[in-house]
Each structure stands twice: as structure tokens, then as C-alpha cells.
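To keep things clear, I will list the structure first and then write my remarks on it.
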Amino acid sequence: MKQFSALLFLLAASAAAQPLHFGLRGGFALQDVIDSRGNLRAASSHWTLGPTAELSLPFGFAAGADLLYRRLEYQDPASKTANSWTVPLLLKYYLPGDGARYFLEAGPSFRSLGNLPRLEGGATKGFAMGAGVRFGAGLARFSMGLRYSRYGEGRGTDVNAPAGTLRTKENQVDLLFGLTF
């Protein structure tokens, strides 16, 4: 029991010594999140924005999480809005180097859609991976990169019209920018 307590203390102490960075991440989707059929038309904003956090780990690794919001719009024929929240939990690897640090990232991603009438199972889970570059200037860090997300089969929904359906797209590609401190 003493060995377990000592190991737990050492792990907690090493985790506390690691720098934790908070900031904002935002960007643009390269295509719409929803796929419309029938008399519905997707008209979503392509931007996304939200808080981000990253914990630096040894050997060039880091663990990060984002909480990204995207406003969705569709017409049936009147314009209506919905909300999309995406939460990727990513393990990152920073390639060695000075100045600009290139990184690779991968991990599970969760997406929730709200405010859609009669949406069945508005949450989907998937996998995200990406690559980018981070620049550091003192305490501030700026990053940019591409992130590909693959979600489980899109959820179909009947939105007040027999001929109209909305489905979440299974593939999503975002160009993202981050600023952390």
C-alpha cells in the first residue's frame, strides 16, 4: 500500500509540474455539417469557435480538448437555426525543432446537435486527426492546422415535411486557428 501511495504521489507531482495552456480555437469548415434533402436547404455558417486547453506532456506529447460551437441554419422554406457542439479529445505529438513546431493529433471526437425538430439521437461520436504548426512568442502560442473528423453514420431526421430530411455528414474537415497562453 505504501508503494502505491508513493507512486500516486509521484504521478500527481509530475502532472502538476506540467504546463497547462488555455485559450481560444476557431476556424472554418471546408463543407457544411448537415446534408439536406428534399425541400430543405442547408445554409449554415462555416465558422466555429470555442475554448481550448492543452496539457504539455514529456517527450513532445500533449493532451488537448476543445469545446467548439457552430451555428447551423436550414430553410424549410423559412430560415431556422440549430446549434452544433463538437468536443475533440486529442493526443498531440510535436516534432522536434526550434521556433515553429509541427504537430500531429488524433483522438475521439463527440458532436451534439440541438434545436432540430424531432431529431433522433442528436449526438454522434467519431474520430479526429489532424496536422499543423505552432508558433510561440513568450507566453502566447499561435497554431493553425487542418483537422479531419469522421463520425458514425449520420442521423436522419424528418423535419416537419415528408419530403425533407436532414442528415449530419460523416466526414468533416476544418481549418483551425488557436491562441493559447
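Rule-based calculations on the coordinates, nothing more; no lab input. Keep in mind that what you see is a predicted model, and the values were worked out from it rather than measured. Neighbour counts are summed over all protein chains in view; Cβ atoms, including those assigned to glycine, are modelled from backbone coordinates with ideal geometry.
Observations, loosely collected:
- Peptides 64-72, 132-140 ranked from most to least packed, by the mean per-residue count of other Cβ atoms within 10 Å: 64-72, 132-140.
- Between residue 123 and residue 49, the modelled label-to-label distance comes to 2.6 nm, taking each label 7 Å out from Cα in the direction of the beta carbon.
- Length released on extending from residue 131 to residue 179, taking residue separation times 0.36 nm less the Cα-Cα span: 15.7 nm
- Nearest-0.05 FRET efficiency for residue 139 and residue 171, computed from C-beta distance (R0 35 Å): 0.45
- Linear extension gain, residue 80 paired with residue 110, 0.36 nm per residue minus alpha-carbon span: 8.5 nm
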